[in-house]
Amino acid sequence: MYPHSLIDLSELNANQVQDILSLADDIKKDPKRYFGACEGKILATLFYEPSTRTQMSFQTAMLRLGGETIGFDNPMNSSVSKGESLADTIRIVSGYADILAMRHPFEGAAKAASLYAKCPIINAGDGGHLHPTQTLTDLVTIFGEKHTVSGLTIGMCGDLKNGRTVHSLVKSLCKNNNKFVFISTPELGLPQYILNLLEASGCKCEFVTSLEEAIPELDVLYMTRIQKERFASEKLYEEQKNVYVLDAKKMLRAKADLIVLHPLPRVDEITYEVDEDPRALYFKQAACGVYARMALIMKMLEGEQGKDKLEGISGERCKNPNCITSIEKYLPPSYKKDANASVETMLCEYCEH
Ligand code: CP
């Protein structure tokens, strides 16, 4: 049985993830065969933060399944602008739609929304926390090219601190005996809870600062944008932007069968000349997002109905200023044990800080 909501891809077991990848692969081969699979169903897309790919690929996915879509892409055009809480918006819209996809700038917003949603809700990105449907897109792309998601050497480069796509992808691929090479400045390294997870997984990991030196050994290079919107000041962003730029010269050092992925949008971190290289797969990857989301919507609509619940223990309010509990004050604080930490550590159940 699929869970009521998809906040984190880790909530699905390996068979469920494989089922979605297999279904996405079938859909990719013959998308027309699936038209009508969601006839009469409505997807609501609630985007509190800008998006091109995620929002439009969710909408395309539902339309290609024969369903319909409602929603907003700017909360200021909804009653959020009049002060409506996240909980109330979700209560209302989940009464109109059969399934929700929500993006929000605050970490843990999807978990918070799932407590009030009467229908399944899918996390379409919650601040710098997670982006599970991008991970499904990434897995569909890697599987399509490499015919496996195991035993690969995977480089992840750029903003590993704020890049929600990185966090979700690491959580998934660390279960599959892959080797990781993390390429970042010290300021933009992975959050502690992801480092704990990696250590517990037993995966081989390298932490380096040079893309040029790392590239020759990689099977997959996952480039990321420096997430300007997550920085406390323009000055701090300026210090980090353009540290890593993938260009044709660096590609000369890479394996012939390297694949270059990027969740997009890109700014300056991949030069346009690389687009012509057959190893640059980021536009193909974005197209795979439709198949991945079609498969996920179909599976989620088979899942449980009813609201999600908190499972942790209560405590003080989370101190992460980017946690959804910092702006939606009615949310009850809740903490769970970090099963991967070597010393007892409690994580906020919403944002995992
Ligand atoms: N990859 C991704 O999430 O892109 P958007 O921000 O355009 O949705």
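Please identify every one of the GluC sites (Glu not before Pro) in the stretch 257-328 that sits in a loop by DSSP and has no more than 10 other beta carbons within 10 Å of its own beta carbon.
Values: sites: Glu269, Glu273, Glu276, Glu302, Glu304, Glu311, Glu316, Glu328; in loops: Glu269, Glu302, Glu304, Glu311, Glu316, Glu328.
Here the sparse-neighbourhood loop sites are Glu302, Glu311, Glu316.
What are the ³J(HN,Hα) values, in whole Hz, obtained from phi via the Karplus relation 6.51 cos²θ - 1.76 cosθ + 1.60 with θ = phi - 60°, for each residue of the stretch 161-166 in sequence order, with x given for Gly and Pro?
6, 9, x, 5, 5, 5
Classify the stretch 107-170: rounded, prolate or oblate, from the alpha-carbon gyration tensor (a ≥ b ≥ c, eigenvalue square roots; a/c under 1.5 rounded; otherwise prolate if a/b is larger than b/c)?
Numbers: a/c = 3.75, a/b = 1.66, b/c = 2.26.
It is oblate, given that a/c is not under 1.5 and a/b is not larger than b/c.
Run through the stretch 272-316 and list the trypsin sites (Lys or Arg not before Pro) located in a DSSP loop whose Cβ has at most 12 other Cβ atoms within 10 Å. Walk me through the intermediate numbers first.
Values: sites: Arg279, Lys284, Arg293, Lys299, Lys307, Lys309; in loops: Arg279, Lys307, Lys309.
Passing both the DSSP loop test and the Cβ count: Lys309.
Listing Val245, Val166, Val80 from the residue with the fewest other Cβ atoms within 10 Å to the one with the most, what is the order?
On the way: Val245 14, Val166 28, Val80 17.
Placing the least packed residue first, the sequence is Val245, Val80, Val166.
So if I take the alpha carbon set of the stretch 8-86, get Rg, then get Rh from the Kirkwood formula, what is the Rg over Rh ratio? Display every interim value, and only then the final one.
Details: Rg = 15.5 Å, Rh = 14.6 Å.
Expressed as Rg/Rh, it is 1.06.
Assign one of three labels to the stretch 199-353, namely rounded, prolate or oblate, based on the Cα gyration tensor with a ≥ b ≥ c the square roots of its eigenvalues; rounded applies when a/c is under 1.5, prolate when it is not and a/b is larger than b/c, and oblate otherwise.
On the way: a/c = 1.96, a/b = 1.59, b/c = 1.23.
Here the stretch 199-353 falls in the prolate category.
Once amide H atoms are built 1.01 Å from N in the peptide plane, which residues 5 or more positions from Leu246, or in another chain, come under 5 Å H to H?
Sorted by chain and number, the residues that satisfy this are Ile270, Thr271.
With θ taken as phi - 60° and the coefficients 6.51, -1.76 and 1.60, list the Karplus ³J(HN,Hα) couplings across the stretch 183-194 in order, rounded to whole Hz; mark glycine and proline as x.
10, 7, 6, x, 5, 10, x, 5, x, 4, 5, 6
So who's got an amide H within less than 5 Å of the one on Thr153, skipping anything under 5 residues away but keeping other chains? H placed 1.01 Å off N, in plane.
Answer set, sorted by chain and number: Lys179, Asp219, Val220.
Roughly speaking, what % of Cα-Cα pairs in the stretch 40-102 are separated by over 20 Å, rounded to a whole number? Walk me through the numbers on the way to the answer.
Working: 469 of 1953 pairs.
So the pairs more than 20 Å apart make up 24 percent of the total in the stretch 40-102.
For a quick check: with amide H placed at 1.01 Å from N, whose amide H comes under 5 Å from Ile70's, ignoring anything fewer than 5 positions away on the same chain?
HN-HN under 5 Å from Ile70: Leu43, Ala44, Thr45.
Can you work out ³J(HN,Hα) from phi for every residue in the stretch 32-44, in order, using Karplus 6.51 cos²θ - 1.76 cosθ + 1.60 and θ = phi - 60°, giving whole Hz and x for Gly and Pro?
With the stated coefficients, the stretch 32-44 comes to 4, 4, 9, 5, x, 4, 10, 4, x, 9, 10, 9, 9 Hz.
For the stretch 62-213, what is one quarter of the convex hull surface built on the Cα atoms, given in nm²? Could you put the intermediate results ahead of the total?
Working: hull surface 45.1 nm².
In nm², the orientation-averaged hull projection of the stretch 62-213 is 11.3.
When only alpha-carbon atoms count, how far does the chain stretch along each of its three principal axes, as whole angstroms with the largest first?
54, 51, 37 Å, listed from the longest principal axis down.
Based on DSSP loop calls and a cut-off of at most 15 other Cβ atoms within 10 Å, the longest stretch of the chain free of exposed chymotrypsin sites (Phe, Trp or Tyr not before Pro) is what? Intermediate values should be presented prior to the final figure.
Numbers: sites that count: Phe35, Tyr330.
Counting at most 15 other Cβ atoms within 10 Å as exposed, the longest clean stretch of the chain is 36-329.
With the Cα gyration tensor of the stretch 1-136 in hand, convert its eigenvalues to equivalent ellipsoid semi-axes via √(5λ) and list them largest first in whole Å.
On the way: eigenvalues 118, 60, 37 Å².
After scaling each eigenvalue by five and taking roots: 24, 17, 14 Å.
Provide Rg and Dmax in Å for the stretch 203-265, with only Cα atoms included in the calculation.
13.5, 40
FYI, it's all coordinate maths here, none of it is from the lab. Being a predicted model, the structure only gives us computed values, none of them experimental. Quick reminder, even Gly has a Cβ in these numbers, built from the backbone with ideal geometry, and neighbours come from all protein chains shown.
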